[in-house]
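Participant: Below is the structure I would like to discuss, written out as structure tokens.
Nothing in this text is a laboratory measurement; each read-out follows from the coordinates by a stated rule. As the structure is a prediction and not an experimental result, all values here were calculated from the model. When we count neighbours, we look across all protein chains shown, and the Cβ atoms used for this are built from the backbone with ideal geometry, even at glycine.
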Amino acid sequence: MIRSCYIVDDEQHGIEILTDFVNQTPGLKLVGADTNPLEALNKISNNEIKADITFLDIDMPKISGLNLSKLIKDKTEVVFVTGFKDYAHQAFDFNAIDFLLKPVTYERFLQTLDKIYAKTNISSIVENKFLFIQVNNKKKYIKINTDEITYIEGLSNYVRIHFVSGKVHTIYTSLKVILEKLPQNLFVRSHKSFIINLKFVEVIGGDEVIIQGNHVVPIGASFRNDLMHNL
């Protein structure tokens, strides 16, 4: 899933810096930028702008970023940006994901993305062909090719991703979250605890699917129609 970004800052220079950071980062897409916070409020409220992440300057005329965040918090995640470090405690009181102090460096910008991605431990780029996944709660991500995933198994709060090579990665997320980030034409839920890649299905019979490599995956009664419809 590509994350959409919106920038609201009354200083054009601040917008230019963040625009450059967004544009050079895989998995991010800039959907707009405004120097007028009231215009930004109107666009977000009317769904003219739909952003996953809004980078919001705090010290702005007419309405502060802190007050604006209260009005848009149900529509977008907020990252505060300001030249005044004294705002830090207030910013986190408003449930912001992060607080960026100007001048913002690209390294610090990427740390903010780590916090965002840590919510699900997974991010996707390039139209779902690749995923970045965080393994074993380490603070780094590995890139995987979704074409090489054979099936995914749900284990309570974790999922186990199986690859055609025989490799297995376990990450902290849910089947629902990871399914939303996979190519919809290839991946389908066959059971409440399994997602399969149709590309590697060899046999469907009775209440089970045989995946390449002789892996047997169950078919749940409530998922059978969906599975057969996608064949």
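Participant: Given the pairs K75/K192; K143/K199; K75/K102; K102/K181, which span a C-alpha to C-alpha distance of over 22 angstrom in this model?
Facilitator: Correct reply: K75/K192; K75/K102; K102/K181.
Participant: While we're here: With 24 Å as the cut-off, how large is the P(r) tail for segment 3-117, expressed as percent of Cα-Cα pairs?
Facilitator: Value for segment 3-117: 13 percent of Cα pairs lie more than 24 Å apart.
Participant: Post the alpha-carbon centroid distance, segment 49-78 to segment 188-231, in whole angstrom.
Facilitator: 44
Participant: Using 10 Å bins from zero, what percent of all Cα-Cα pairs in the chain falls into each bin?
Facilitator: The distribution over the chain is 7, 29, 26, 19, 13, 5, 0, given as percents.
Participant: When the dipole is taken about the Cα centre of the chain, and only Lys, Arg (+1) and Asp, Glu (-1) are charged at their Cβ, what size is it in debye, to the nearest 20? Display every interim value, and only then the final one.
Facilitator: Working: 26 positive and 27 negative charges, 143 e Å.
Its charge dipole is roughly 680 debye.
Participant: Using the beta-carbon distance between L186 and A221 and R0 = 25 Å, what value does 1/(1 + (r/R0)^6) give for FRET efficiency, to the nearest 0.05?
Facilitator: Approximately 0.65, to the nearest 0.05.
Participant: Evaluate the distance, in nm, between pseudo-label points positioned 7 Å from the Cα of M228 and of T19 along their respective Cα→Cβ axes.
Facilitator: Label at M228, label at T19, 5.4 nm between them.
Participant: How large is log10 of I(q)/I(0) for segment 144-229 at q = 0.19, 0.24 Å⁻¹ when the intensity is taken from the Debye formula with one equal scatterer per alpha-carbon?
Facilitator: -0.79, -1.30
Participant: Then there's this: Quick one: length gained pulling S193 to N46 fully straight, 0.36 nm per residue minus the C-alpha distance?
Facilitator: Extra length available between S193 and N46 comes to 49.1 nm.
Participant: At 7 Å along the Cα-to-beta-carbon direction for both E107 and I2, put a label point, then send me their distance in nm to one decimal.
Facilitator: 3.0
Participant: Tell me the mean residue ellipticity at 222 nm calculated for the chain from its helices only (DSSP H runs of n ≥ 4, each -39500 (n - 2.57), averaged over every residue, nearest 500).
Facilitator: Here the helix-only value at 222 nm equals -7000 deg cm²/dmol.
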